[in-house]
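Note sheet for the following structure.
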Amino acid sequence: MQSTTQTVSKTRLWAGRILSALPALFLLVDGALKLVKPESVVKATLALEYAETVILPLGIVLLACTILYLIPRTAVLGAILLTGYLGGAVASHVRAGQGPFEILFPVVLGALLWGGLVLRDDRLSALIPLRN
């Protein structure tokens, strides 16, 4: 099987890795915090009107999806799953009546995830052609 890194320039590949790493690091920390459940995480979850019992499962799902995203062979699947997760975050913040930052932050994370992936993988560039 031919590696996609052979067709992507080194500069573009590293730009994609950096662009992917920023949201991935945030999501890994967020998932880990959901596993240890400090008071700030519990308060934030309760403010969104979710029960404390959902925090651990959400952390497991978030970490699993983010790990899939970080593995090159499963990165697209991870991005698709994280898009769903982040869409749920947007819906939760809208339902709770929170402000624009809370609502748009998950959208920005999703855009960074996909932007980094497009830069790392020419096959996605072919599927999502940007016009000159």
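Values as computed for the structure displayed
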quantity: Probe 1.4 Å, all protein chains present, accessible-area order of R123, R73, largest first; calculated: R73, R123
quantity: Solvent exposure ordering (accessible area, 1.4 Å, most first) of Y69, Y50, Y85; calculated: Y50, Y85, Y69
quantity: For the chain, calculated [θ]222 nm from helices alone, where every DSSP H run of n ≥ 4 adds -39500 (n - 2.57); calculated: -25500 deg cm²/dmol
quantity: Exposure ranking of T74, T11, T45 by accessible area [1.4 Å probe, largest first]; calculated: T11, T74, T45
quantity: Among G59, G97, G84: highest mean-square fluctuation, GNM of the chain, C-alpha pairs under 10 Å; calculated: G97
quantity: Rounded to the nearest 10 Å², the accessible area of L77 at probe 1.4 Å; calculated: 90
quantity: Two-decimal Rg/Rh across the chain, once Rg and the Kirkwood Rh are taken from alpha-carbon atoms; calculated: 1.03
quantity: V94 accessible area, 1.4 Å probe, all protein chains in place, Å² to nearest 10; calculated: 80
quantity: With every protein chain in place, the chain: carbon and sulfur % of accessible area (1.4 Å); calculated: 71
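The values are calculated or read from the model by the stated rules, or taken from the named source; none is laboratory data. On a predicted model such as this, the values are computed, not experimentally measured, just so you know. SASA here: full protein model, heavy atoms, side chains in, ligands and nucleic acids out. Shrake-Rupley method; radii C 1.70, N 1.55, O 1.52, S 1.80 Å.
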